[in-house]
Amino acid sequence: MTKTILITANLISALFLLIILFGLYISIKKRNEKTKYFIWCLWICLFGLIFDGLSYLLDGFFEKNFLLYFVDFFSYITIDVLVACYSIYFCSFIKENDDKFSNKYSYYVFSLCILDFIFLTIGSINGNLFKVENGSTIEGPWGRFIFVMPLIVIISTIVVIIKEIKKINRANLIAFGSYIMFFIVSLLLQLMNEEFELGYVGAALSMVVIYVMIQSKSVNESNLKADIYSELSTKDVLTGLKNRRGYENVISSVANINKIGVVFCDINSLKTINDTLGHDSGDRIIQKLSNILEKEFPNDDNCRISGDEFVTIIKNVDEEFFNTKIADLKEALSINNSIASFGYAIGDGKMALDVVRSAERMMYSDKEKFYINTGKSRRV
C-alpha cells in the first residue's frame, strides 16, 4: 500500500512539473537568468521523481537487480544536482536587488554537493549506503547520513535569508520558505516511517509554489519586455511606422498569400528641403507623408524603409478596392503639393520583392514626370 502511494505521489508530481515546463516553453518569448535556472531546477526535479518512482516500481523484481541498483544510485545523486542548481536560482533573486551580493554561498553549496556526491558514490560502490539483494534495496549503515548535506544547506539558506531579508520581497520569502518547509516535512515523515520517502515530492511541491508566486510573474514581465523590445526594434522612431526591419518581417510573412498589393512612395526634393529649410522641416514632410499613408491604408503595413522611401503592403488585396485607394492616395498627395512620387503593383506574395520592384519602377516613372513638370534637378 505504501509503495503504491509513493509511486502515485511521484507520478502526480512529475505530471505537474511537466505541465509547468510545457507552459513555460510555449509562453516564454525571451528567457531571463532566473527563468533559465528555474527550468533547470524543474528538469532535475523531474528526473529525480522518475528515478525515485522507478526504484519503488522495480522493487521486488529479482531479475532487475542491476537496473534497480542503477536507478537507486541516480536517485541519490540527483538531489545533489538539484540542491546546487537551486542555490544558483536562489542567489539570482538576491543579486537582482544587490549586484554586490557574493557568490560565496553558491560556491559553498557546490562544495558540499561535490563532497556529498563523493560520499554517495563510494557508499554505493562498497554497499555501505545501500545494496540490492533479491530484487530489493537494503539500506546500509551510511544511509542514515543522506540527509546531512541537504540539512546543512537548508540551515545555511535560512541564515542567508535572515541576513538578506531586506532584499527579498514577501512573495519570494514565502516561496523560498516553502522549499525549506517541504524538506522539513518530508524529513519528519521519513523519521516517523522509514518507507515514507517524499524528498522529491516535497521539492516538486515547492517548485509549484515558486512558479505560482514568483516565476509566472517573472515570465510575464520578461515577455512584456520582449514585446516592447520587439516593437521598438521594428518601429521607426520619427513616424511610428514599421522600419526597415519591420518591412523585412512583413515581406517574410506574406510568402503564403496569393495576392498582395504594394505602394512605393518616395518624397520629392527632401534633400533640398533639408539643405534650405533645415532638417526639422524635412522631418515634418516625412511625418506628413506617413500620416497620409496611415489615413489611406489604416489596416495595412506601412513602412519607412529609408530616409525618404516608404512602402505599403496590402495583404489579400481586392483589386477594385485597391484601385480606389490608389486614386485617393494620388489626390491626397496632389493637394499636399505633390510631396511624394509613387508607384503601385499587385502580385503573388511568394514574389513579394518582385512586386515591390515593379511598384518602385513605376514610382521612378512618376518621379521623372515630377522633374519634367517642375524643372527641378534630379539630384534633389
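Please treat every number below as a calculation from the coordinates, not as lab data. On a predicted model such as this, the values are computed, not experimentally measured, just so you know. Ideal geometry is used to build each Cβ from the backbone, glycine not excepted, and the neighbour counts take in all protein chains shown.
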Any DSSP H helix in the chain with Cα axial reach of 20 Å or more and mean Kyte-Doolittle score of at least 0.5? Listed by number, the hits are 2-27, 33-58, 65-97, 104-126, 148-163, 170-192
CD proxy, 222 nm, the chain: helix-only mean residue ellipticity via -39,500 (n - 2.57) per DSSP H run with n ≥ 4, per residue, nearest 500, stands at -23000 deg cm²/dmol
For the range 244-374, state what percent of all Cα-Cα pairs lands in each successive 5 Å bin, counting from 0 Å until the bin that includes the largest distance. 2, 11, 21, 24, 20, 12, 6, 3, 1, 0
Roughly how big is the chain's charge dipole about its Cα centre, with Cβ charges of +1 (Lys, Arg) and -1 (Asp, Glu), in debye to the nearest 20? 1000
Take the chain, drop everything but the C-alpha atoms, weight them equally and run the Debye formula without solvent; then report log10 I(q)/I(0) at 0.09, 0.12, 0.15 Å⁻¹ to two decimals. -0.69, -0.87, -1.20
Checking the table 271/295; 34/350; 36/350; 259/369 against a 32 Å threshold on Cα-Cα, which pairs fail? 34/350; 36/350
Place a +1 charge on the Cβ of each Lys and Arg in the range 225-380 and a -1 charge on the Cβ of each Asp and Glu, then give the dipole magnitude about the Cα centre in debye, rounded to the nearest 20. 400
Among 285, 353, 373, the residue whose Cα sits farthest towards the positive end of the charge dipole of the range 268-380 (+1 at Cβ of Lys and Arg, -1 at Cβ of Asp and Glu, taken about the Cα centre) is 373
With r as the distance between the Cβ atoms of residue 100 and residue 256 and R0 = 41 Å, compute the FRET efficiency 1/(1 + (r/R0)^6) and round to 0.05. 0.20
Selection from 177, 338, 42 lying farthest towards where the dipole of the chain points positive, charges on Cβ: 338
Once you have the Cα-Cα distance between residue 334 and residue 155, take 0.36 nm times their residue separation minus that, and quote the gain in nm to one decimal. 56.7 nm
At 0.36 nm per residue, minus the direct Cα-Cα distance, what do residue 139 and residue 365 gain on full extension? Give it in nm, one decimal, please. 72.5 nm
Relative contact order (percent, whole number), the chain, Cα cutoff 8 Å, 6+ residue spacing: 15
Give me the tail of P(r) for the range 282-351 as a percent: Cα-Cα pairs with distance above 20 Å. 27
Can you figure out the FRET efficiency of residue 126 with residue 3, using R₀ = 25 Å and their beta-carbon distance, to the nearest 0.05? 0.40
Could you calculate the contour length gain from residue 280 to residue 316, that is, 0.36 nm times the residue separation minus the distance between their Cα atoms, to one decimal place in nm? 9.3 nm
Any aspartates and glutamates whose Cα falls less than 19 Å from that of residue 100, other than same-chain ones fewer than 8 residues away, would be 33, 164
